[in-house]
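Here's the structure we're looking at; comments come further down.
Every number here is computed from the coordinates shown, using simple stated rules; none is lab data. Computed from a predicted structure; not experimentally measured. All Cβ positions, even for glycine, are placed from backbone atoms using ideal geometry, and neighbour counts span all protein chains on display.
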Amino acid sequence: MKVTPKTEAEIKAEQEARGPLPRGVYDAEIKIAKDTTSKAGNEMIALDLVVYDTDGHPRQMQDWLVDAMAFKVRHCAAACGLLGDYEGGDMPAWKLEGKCLKVKLGIDTKGERPRNKIDDYMV
């Protein structure tokens, strides 16, 4: 198959030009998960995900899991089969990498243009 090579920046620009996906539930995969610290100094997990539209086209997204959004952290853990880790009080980011799950997308209207955001993880 012949391909037209594109950089990640070019792909992201094309995705943004198409606009946000409609609100709903979509298949996703966590590509990268990192233990890090929020600007407020709280522990958090930064996620890089690929979300697939209804035609199977991938879209790159980011999300952040923080203890203040406990429902999101718990639902992500459950969707990834890591509820035991969550309930034990320690959920290392690396255990999330490569997990396939379903995400509930919303639309963030703040900023220059509307874009998708992950509202929740489906158990």
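Contact order, relative form, for the chain: 28 percent (alpha carbon pairs under 8 Å, 6 or more residues apart, mean separation divided by residue count). Once the Cα atoms are used to define both axes, helix 8-18 deviates from the longest principal axis of the chain by about 80 degrees. What net charge do the residues around residue 69 carry, taking every other residue with its C-beta under 11 Å from that of residue 69, with Lys and Arg at +1 and Asp and Glu at -1? Its environment carries a net charge of -2.
If the chain linking residue 7 and residue 85 were pulled fully straight, counting 0.36 nm for each residue of separation and taking away their Cα-Cα distance, it would gain 24.4 nm.
Among the GluC sites (Glu not before Pro) within region 44-121, those in coil by DSSP and having at most 12 neighbouring Cβ atoms inside 10 Å are 112. Of 32, 51, 123, which is farthest towards the positive pole of the chain's charge dipole, taken about the Cα centre with +1 and -1 on the beta-carbons of Lys, Arg and Asp, Glu respectively? The listed residue farthest towards the positive side: 51.
The magnitude of the dipole of the chain, with charges of +1 and -1 set on the Cβ of Lys/Arg and Asp/Glu and taken from the Cα centre, is near 360 debye. Contact order for region 68-123, expressed relative to its length and based on alpha carbon pairs under 8 Å spaced 6+ residues apart, stands at 39 percent. Simple rule: put +1 on each Lys or Arg Cβ and -1 on each Asp or Glu Cβ in the chain, find the dipole, and look at 9, 42, 65; the Cα lying farthest toward the positive end is 9.
Largest GNM mean-square fluctuation across 30, 45, 107, computed for the chain with C-alpha springs under 10 Å, falls on 107. Would you mind classifying region 63-106 by shape? Square roots of the alpha carbon gyration tensor eigenvalues, ordered a ≥ b ≥ c; an a/c under 1.5 is rounded, otherwise it is prolate if a/b is larger than b/c and oblate if not. Here region 63-106 falls in the oblate category.
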